[in-house]
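Take a look at the structure below.
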Ligand code: DQA
């Protein structure tokens, strides 16, 4: 019984889910751009996928760059991959990019909106070059598609 329990823990795929600045306001914030789905709704949808695939999620939303970086450092030895919507830090943060590169874990970057259709300053991401891939423009489904892609990647799916 105990052996089976520990085996299950060992076999679970631990994923860190990070939501950057202002994403706590989802549902209220510019709904014409980001939709009416809340962050709690998104976390719930991700938890369902994780449960179905035997993955364990640790989730953090922070408006503080340093808190996101600390979470990445802490995940280095305990986590298999990272799903991140860096929010506005996408376009500004060398430090966040360096943290992702530094922990050397597979990372999928997601955005609700299609950043390439928006203002020019949103067209460049400091994160994309250190990500396995990116999903943009599908609203809350960018997250579910991103988590599925990350788990497939970790399982070695082609
Ligand atoms: C965003 C896009 C960013 O440009 C913006 O600063 C956000 C949200 C998105 O999910 O579409 O905060 O990351």
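A compact table of results
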read-out	value
Single residue of region 102-118 satisfying the filter (more than 10 Å from the ligand (Cβ to nearest atom) and over 17 Å from residue 150 (Cβ atoms)) that is nearest to the chain's Cα centre (by Cα)	102
Residue identified as more than 16 Å from residue 73 (Cα to Cα), part of a loop (DSSP other than H, G, I, E, B) and over 12 Å from the mean Cα position of the chain (by Cα) among 121, 138	138
Single residue of region 133-158 satisfying the filter (touching a helix residue (DSSP H, G or I) at 6+ places or on another chain (Cβ under 6 Å) and in contact (Cβ under 8 Å) with a residue 40 or more places away in the chain) that is surrounded by the fewest Cβ atoms within 10 Å (Cβ to Cβ)	144
Any chance residue 20 is within 11 Å of the ligand (Cβ to nearest atom), at pLDDT below 95 and surrounded by 16 or more Cβ atoms within 10 Å (Cβ to Cβ)	no
Residues of region 73-93 classified as within 16 Å of the ligand (Cβ to nearest atom) and in a helix (DSSP H, G or I), total	5
Answer residue from region 42-58, given it is outside any helix (DSSP H, G or I) and more than 13 Å from the chain's Cα centre (by Cα) and is surrounded by the most Cβ atoms within 10 Å (Cβ to Cβ) among those	55
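Listed here are the residues, each with its yes/no results for (1) out of contact with any strand residue (DSSP E or B) (no Cβ under 8 Å at 6 or more places or on another chain); (2) over 17 Å from residue 138 (Cβ atoms); (3) free of Cβ contacts under 8 Å to residues at least 12 places away in the same chain.
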{"residue": "19", "(1), (2), (3)": "no, no, no"}
{"residue": "25", "(1), (2), (3)": "yes, yes, yes"}
{"residue": "32", "(1), (2), (3)": "yes, no, yes"}
{"residue": "54", "(1), (2), (3)": "no, yes, no"}
{"residue": "61", "(1), (2), (3)": "no, yes, no"}
{"residue": "80", "(1), (2), (3)": "no, yes, no"}
{"residue": "91", "(1), (2), (3)": "yes, yes, no"}
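The values are calculated or read from the model by the stated rules, or taken from the named source; none is laboratory data. Predicted model only: the values in this text are computed from it and were never measured. All Cβ positions, glycine included, derive from the backbone under ideal geometry; neighbour counts span all protein chains shown.
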